[in-house]
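One structure is given below, encoded as structure tokens.
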Amino acid sequence: MKVIIEKAIMDRIQQPGWVTTRGILRDPAGEAAEEEHREVEEVMRDLARRGLIKLWRLNIKDQGEVIMAAARPDLELDRDLEQRGAWAVAEPMDLDQ
């Protein structure tokens, strides 16, 4: 399962450059089991430790939720979302968070 999740993450960060745990789980409403989200988050952390992605914390403006996102290492997701007036604010995330 880990290999499938890794491939999905790496494929999705090619376009548009980033993906959330919800995007990988195809769970836009956040209704998937917490365990499923944790599994995707752990794979994201592993990819970040290997330098393949950069981790971000997305603060969803209207809902007060925080979700993890993975992005290409060269993408400044915070600036990208700000320029587009997006639904979330991104903050770089440490691997230990």
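The values are calculated or read from the model by the stated rules, or taken from the named source; none is laboratory data. Treat the numbers as computed from the prediction; the structure is a model and nothing was measured. Note that we place each Cβ from the backbone using ideal geometry, even for glycine, and neighbour counts take in every protein chain shown.
Tell me which residues, restricted to segment 31-45, are in a helix (DSSP H, G or I) and among the aliphatic types (A, V, I, L, M).
Filtering segment 31-45 down to residues in a helix (DSSP H, G or I) leaves 34-45.
If the condition is that a residue be in a helix (DSSP H, G or I) and among the aliphatic types (A, V, I, L, M), then Val40, Val43, Met44 are the ones that fit.
Taking interchain pairs and intrachain pairs at least six residues apart, which have beta carbon atoms under 6 angstrom, with the first residue in segment 58-86 and closer than 21 Å to Arg26 by Cβ and modelled with pLDDT of 90 or more and the second hydroxyl-bearing (Ser, Thr, Tyr) and in a strand (DSSP E or B)?
Ile67/Thr20; Ala69/Thr20
In segment 68-87, how many residues are within 15 Å of Ala48 (Cβ to Cβ) and in a helix (DSSP H, G or I)?
Selection size over segment 68-87: 1.
Restricting attention to segment 6-22, and to residues there that are over 11 Å from the mean Cα position of the chain (by Cα) and either aromatic (Phe, Trp, Tyr) or modelled with pLDDT under 95 (or both), which single residue is nearest to Leu52 (Cα to Cα)?
Ranking the candidates gives Gln14 first.
Mind telling me which of the residues Glu41, Glu31, Glu35 ends up being surrounded by 11 or more Cβ atoms within 10 Å (Cβ to Cβ) and either charged (D, E, K, R) or touching a residue at least 60 places away in the same chain (Cβ under 8 Å) (or both)?
Result: Glu41 is the single residue among Glu41, Glu31, Glu35 that is surrounded by 11 or more Cβ atoms within 10 Å (Cβ to Cβ) and either charged (D, E, K, R) or touching a residue at least 60 places away in the same chain (Cβ under 8 Å) (or both).
What number of residues within segment 12-28 satisfy the criterion of being within 12 Å of Arg72 (Cβ to Cβ) and surrounded by fewer than 14 Cβ atoms within 10 Å (Cβ to Cβ)?
3
Look through Ala48, Ala90 and report the one residue that is in a strand (DSSP E or B), at pLDDT 90 or above and in contact with a Lys or Arg (Cβ under 9 Å, 6 or more places away or on another chain).
Only one candidate qualifies: Ala90.
Looking at segment 52-67, which of its residues are in a loop (DSSP other than H, G, I, E, B) and in contact with a strand residue (DSSP E or B) (Cβ under 7 Å, 6 or more places away or on another chain)?
Ile53, Lys61
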